[in-house]
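The structure appears right after this line, and notes come after that.
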Amino acid sequence: MSSSSDFGSHTWGLLLTVDHQRENVEKEFLLQVTGDLHIGGLMLKLVEKMNVSQDWSDYAFWWEQKKCWLLKTHWTLDKCGVQADAKLLFTPQHKMLRLRLPNMKTVRLKVSFSAMVFRAVSDICKILNIRRSEELSLLKQSGDTLKKKKKKDKNSKEPVTEDILNLCDSPVSSANPGLYSKTMTPIYDPVSGSPASSTITWFSDSPLTEQNCNVLALSYPNCSPEMLAEMYQPRTLADKAKLNAGWLDSSRSLMEQGILEDDQLLLRFKYYTFFDLNPKYDAVRINQLYEQARWAILLEEIDCTEEEMLIFAAIQAYHVSKLSLSSEAQDSTCESEVDEVEAALSNLEVTLEGGSTSNILEDITDIPKLADNLRLVRPRKLSLKAIKSYWFIFRDTSISYFKNKETAQGEPIEKLNLKGCEVVPDVNVAAKKFGIKLLIPVADGMNEVYLRCDNEDQYARWMAACVLASKGRTMADSSYQPEVQKILSFLQMKNMSSQATSDPESVDMKPECFVSLRYTKKYKSKQLTARILEAHQNISQMSLVEAKLRFIQAWQSLPEFGLSYYIVRFKGSKSDDVLGVSYNRLIRIDMATGDPITTWRFSNMKQWNVNWEIRQVAIEFDQNVSIAFTCLSADCKIIHEYIGGYIFLSTRSKDQNETLDEELFHKLTGGQE
């Protein structure tokens with residue numbers, strides 16, 4: 001007879017595999033263990049057995065048969081259920097992952113394969129500087145959506161090399177606040193979307209440098225009819241349902257869902273409720289959202305009319321044109337740009353050390369000025385105008401003019417203070433007329449003054465100065481150069497429009513890049529160009545970020561916006577239907593005709609639950625209305641998570657310091673399988 005103490009001390013062999021790249025070190029170790037040994041103790045025994053000096057803090061045990069992580073290091077082997085037949089892999093929790101962003105750029109970075117996907121996405125968004133990570137998730141492309149592309153690749157003779165942005169220098173860690181900290185949020189230029197020079201130094205400890213950040217925050221024309229033809233384009237509701245079948249479970253880790261190191265996933269906006277979009281902080285988020293909308297329209301994942309397609313094309317054409325101009329300006333000025341505060345601190349440091357300061361920034365209070373020959377136009381009685389050339393000097397927020405350049409050292413003929421004035425453009429690009437109308441408030445009304453410039457460049461510089469002066473700002477303001485570029489972009493678009501009116505073929509535009517394949521087959525190139533530029537007449541002078549926001553707003557106004565489709569079988573029905581899930585409702589749609597049958601609103605929902613044995617979702621609404629269905633095109637957990645996720649997002653408030661209630665999210669979306 002053996003005592004209980006003898007039984008408890010019984011040891012048994014446990015085979016452990018270590019995931020490492022060292023050539024001269026074994027990968028498999030057989031350890032003698034007992035059931036009361038805790039996971040932390042097992043790690044210690046294994047590391048001592050290997051006798052390899054390195055940082056093992058990121059390593060944890062992965063149980064291959066059970067497809068789960070053993071992360072609770074204080075639990076014993078008995079409590080975890082580990083026995084002699086268990087296969088445990090000692091592997092890093094952070095592994096490389098390739099993510100395809102909405103702008104079709106691929107980034108490669110280290111991601112936690114042991115954390116729940118909801119937490120992993122949050123950490124990824126911190127690195128990419130995307131606020132409101134709860135709106136995004138990871139999507140695994142289904143085989144059906146890849147078939148067309150693979151078929152094209154087989155016919156292609158030349159190998160395609162994918163441009164990957166490597167951000168693997170530092171791992172994504174929830175302990176590192178990264179770029180997403182409340183007190184160190186990078187500020188973006190609201191015109192170009194690029195990081196402000198005063199905040200770009202915050203990226204120094206992150207792989208997301210200024211260049212990489214611009215890749216994520218700016219858009220470049222990267223599609224062609226040939227490229228569109230190679231991509232998966234849904235033709236029916238059943239095809240659209242395939243697009244939403246691959247969403248990962250937010251309550252489980254990547255490894256638990258069969259994702260391997262260096263696999264490729266799509267990072268996409270899953271929930272169509274975009275909270276608190278702010279151009280000052282959300283350049284990357286707005287750009288990725290714009291790109292997701294743009295590709296959804298180009299690939300006809302969402303239906304729109306011909307007129308709507310032309311409006312989308314016009315905004316894209318306008319945006320791309322402005323981008324090409326602003327990019328040239330940034331290339332020529334980025335090297336000479338010096339942050340004022342940084343330069344002042346550098347000079348102070350040199351001065352205190354007894355050295356001589358550089359003249360990079362001799363006086364940060366020095367206000368730039370403009371000096372040019374302009375024509376002054378003053379309206380007179382009987383509709384006559386007096387036009388005369390003078391030497392103008394723009395300093396601070398005032399314009400002074402003199403008889404000529406030689407007399408500029410003396411008293412001016414008149415000094416005009418532009419604070420609070422109205423500035424109205426008086427431009428006709430085709431006629432080479434570049435005028436600025438100033439309505440200056442005086443004691444007895446308004447003093448009306450017209451300035452005539454000689455060319456576009458001179459007009460842009462003076463117009464920008466007048467606009468800022470009317471708001472009480474000088475040319476030393478950081479928004480001066482972007483304002484100049486905005487005006488030049490506007491003039492170029494005016495020039496394109498006037499050319500298109502007389503000769504659409506003269507405009508350097510590839511309209512096929514801005515519309516779906518359906519319209520490139522329907523119209524000739526010059527017809528599309530003329531129609532796009534005609535729609536463009538309705539677009540006012542906008543910054544890059546404003547153009548993207550206008551595009552997003554137009555996308556949100558489409559009838560099908562925000563609908564994610566799934567093929568389901570309702571309880572008691574003999575045929576399949578399509579279920580559309582939106583931020584505030586569920587829609588039952590006839591699969592054959594595409595017509596909506598019934599709509600149920602979340603506001604009328606009393607409760608919902610899932611029978612995990614038969615994979616059936618049951619929902620109860622007010623007035624004793626109840627429905628139940630099984631999902632055929634995806635796992636029912638995805639629809640369950642959609643419903644809970646939208647309800648969770650509806651609880652968000654405007655408080656910027658609010659932290660997400662992750663526990664509530666999992667309570668609403670996790671389920672009990």
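Here are the numbers for this structure:
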| read-out | value |
| --- | --- |
| Which numbered condition Phe61 misses (of (1) free of Cβ contacts under 8 Å to residues at least 24 places away in the same chain; (2) touching a Leu at 6+ places or on another chain (Cβ under 6 Å)) | (1) |
| Candidate set: the range 256-271, residues that are open to solvent by less than 30 Å² (accessible area, probe 1.4 Å) and out of contact with any helix residue (DSSP H, G or I) (no Cβ under 8 Å at 6 or more places or on another chain); chosen: the one nearest to Met104 (Cα to Cα) | Leu266 |
| Members of the range 297-316 found to be assigned to a helix (DSSP H, G or I) and open to solvent by 10 Å² or more (accessible area, probe 1.4 Å), listed by number | Glu306, Glu307, Glu308, Leu310, Ile311 |
| Residue count, the range 426-469 (criterion: closer than 18 Å to Lys369 by Cβ and open to solvent by 30 Å² or more (accessible area, probe 1.4 Å)) | 2 |
| For Gly671: the one exception among (1) assigned to a strand (DSSP E or B); (2) at pLDDT below 90 | (1) |
| Scope the range 575-591; condition closer than 19 Å to Ala634 by Cβ and either open to solvent by 50 Å² or more (accessible area, probe 1.4 Å) or more than 32 Å from the chain's Cα centre (by Cα) (or both); matching residues | Ser575, Asp576, Asp577, Tyr583, Arg588, Met591 |
| Among residues of the range 272-291, those that are touching a Pro at 6+ places or on another chain (Cβ under 9 Å), surrounded by fewer than 22 Cβ atoms within 10 Å (Cβ to Cβ) and closer than 30 Å to Thr520 by Cα, counted | 1 |
| Any pair with Cβ under 7 angstrom, 6 or more apart, that starts in the range 620-638 at a residue that is among the hydrophobic types (A, V, I, L, M, F, W, C) and ends at one that is assigned to a strand (DSSP E or B) and open to solvent by 60 Å² or more (accessible area, probe 1.4 Å) | Phe621/Lys606; Phe629/Arg569; Leu632/Arg569 |
| Number of the exception - Arg235 against (1) more than 22 Å from the chain's Cα centre (by Cα); (2) at pLDDT 90 or above; (3) open to solvent by 20 Å² or more (accessible area, probe 1.4 Å) | (2) |
| Candidate set: the range 372-396, residues that are of a type in the set (A, V, I, L, M) and either assigned to a loop (DSSP other than H, G, I, E, B) or surrounded by 13 or more Cβ atoms within 10 Å (Cβ to Cβ) (or both); chosen: the one modelled with the lowest pLDDT | Leu384 |
| Test: Arg98 is among the charged types (D, E, K, R) and either at pLDDT 95 or above or touching a His at 6+ places or on another chain (Cβ under 9 Å) (or both) | yes |
| Condition check for Ile399: closer than 19 Å to Pro482 by Cα and modelled with pLDDT of 90 or more | no |
| Failed item in (1) touching a helix residue (DSSP H, G or I) at 6+ places or on another chain (Cβ under 8 Å); (2) under 30 Å from Ile647 (Cα atoms); (3) modelled with pLDDT of 70 or more, with Gln141 passing the rest | (1) |
| Wholly within the range 444-523, helices (runs of 4 or more DSSP H) carrying at least 1 residues that are at pLDDT 80 or above and in contact with a Phe, Trp or Tyr (Cβ under 6 Å, 6 or more places away or on another chain) | 456-470 |
| Search result, residues across the range 102-134 that are in a loop (DSSP other than H, G, I, E, B) and modelled with pLDDT of 95 or more | Phe113, Ser114, Ala115 |
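Rundown of residues vs (1) open to solvent by 80 Å² or more (accessible area, probe 1.4 Å); (2) over 39 Å from the mean Cα position of the chain (by Cα), yes/no style:
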{"site": "Thr17", "(1), (2)": "no, yes"}
{"site": "Asn24", "(1), (2)": "yes, yes"}
{"site": "Leu30", "(1), (2)": "yes, yes"}
{"site": "Val47", "(1), (2)": "no, yes"}
{"site": "Phe61", "(1), (2)": "no, no"}
{"site": "Val82", "(1), (2)": "no, yes"}
{"site": "Leu89", "(1), (2)": "no, no"}
{"site": "Thr106", "(1), (2)": "no, no"}
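Here's the yes/no breakdown for (1) buried (at least 19 other Cβ atoms within 10 Å of the Cβ); (2) aromatic (Phe, Trp, Tyr); (3) outside any helix (DSSP H, G or I); (4) in contact with a helix residue (DSSP H, G or I) (Cβ under 8 Å, 6 or more places away or on another chain):
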residue: Val545; (1), (2), (3), (4): yes, no, no, yes
residue: Ala554; (1), (2), (3), (4): no, no, no, yes
residue: Leu558; (1), (2), (3), (4): no, no, yes, yes
residue: Ser573; (1), (2), (3), (4): no, no, yes, no
residue: Thr593; (1), (2), (3), (4): no, no, yes, no
residue: Ser603; (1), (2), (3), (4): no, no, no, no
residue: Val617; (1), (2), (3), (4): yes, no, yes, yes
residue: Glu620; (1), (2), (3), (4): no, no, yes, no
residue: Ser626; (1), (2), (3), (4): no, no, yes, no
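The values are calculated or read from the model by the stated rules, or taken from the named source; none is laboratory data. Fair warning: this is a prediction, and the values are worked out from it, not measured in the lab. Positions of Cβ are generated from backbone atoms using ideal geometry, with glycine treated the same way; all protein chains shown enter the neighbour counts. Protein only, heavy atoms only, side chains kept; ligands, DNA and RNA dropped before computing areas. Shrake-Rupley method; radii C 1.70, N 1.55, O 1.52, S 1.80 Å.
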